[in-house]
Amino acid sequence: MKHRQKKIKFKKGQDASQMMTRKLATNLLQNGYITTTESKAKKIKMYTDKLISVLLKDSTAKLNTAMRELANKDLIVSIINKIKGENYTRVGGHVNSKRLYARMSDGTVMMKLELNQSLQTRKKEVVDTKVSEEKQILK
């Protein structure tokens, strides 16, 4: 029996819930915000905070761990560049959550998750880093 272990599970099965968590975390990191249900928001907030904390440590092992989790190299590179460029020293709390409303159909509470201002990257920045890397390869 594991006491005080907070683990949020979904009914779709382990593989489907892991994939859903990864996709929602990727969308959060790409867009800077996401609107979802309360239970999914709690899970994604914990997952993303841990992932960003891993990226703060400057080592290749941590980078490989993040690559395995998200499988989007361009996004991870843009976040690392953002962290290194601004001397990002925040220890935790990289994601802010805000309750919005109850859905009309089933009454589920909706929440909005946002990255801190200094971590927000837009899709354009991810594409720009990809294009610049391709230009460096061609030279």
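The residue list LYS98, LYS73, LYS57 contains one member that is among the basic types (Lys, Arg) and within 19 Å of THR35 (Cα to Cα), which is LYS98. I need the full set of residues from region 19-41 which are touching a residue at least 60 places away in the same chain (Cβ under 8 Å) and in a helix (DSSP H, G or I), in order please. Within region 19-41, LEU28, LEU29, GLN30, ASN31, GLU38, ALA41 qualify.
A single entry from ILE76, ILE44 fulfils the requirement of being assigned to a helix (DSSP H, G or I) and either surrounded by fewer than 17 Cβ atoms within 10 Å (Cβ to Cβ) or touching a residue at least 60 places away in the same chain (Cβ under 8 Å) (or both): ILE44. So is ASN81 in a helix (DSSP H, G or I) and surrounded by 14 or more Cβ atoms within 10 Å (Cβ to Cβ) or not? Judged against the criteria, ASN81 is not a match. Would you mind finding the one in ALA16, ALA61 that is in a helix (DSSP H, G or I), touching a Phe, Trp or Tyr at 6+ places or on another chain (Cβ under 8 Å) and hydrophobic (A, V, I, L, M, F, W, C)? Going through ALA16, ALA61 in turn, just one is in a helix (DSSP H, G or I), touching a Phe, Trp or Tyr at 6+ places or on another chain (Cβ under 8 Å) and hydrophobic (A, V, I, L, M, F, W, C): ALA16.
Looking only at region 47-58, residues that are surrounded by fewer than 20 Cβ atoms within 10 Å (Cβ to Cβ) and either assigned to a strand (DSSP E or B) or not hydrophobic (A, V, I, L, M, F, W, C) (or both) come to 6 in all. The set of residues in region 79-102 being touching a strand residue (DSSP E or B) at 6+ places or on another chain (Cβ under 7 Å) and free of Cβ contacts under 8 Å to residues at least 12 places away in the same chain consists of TYR101, ALA102.
Every number here is computed from the coordinates shown, using simple stated rules; none is lab data. Just so you know, these numbers come straight off a predicted model, no measurement behind them. Cβ sites come from the backbone with ideal geometry, for glycine too, and all protein chains shown count toward neighbours.
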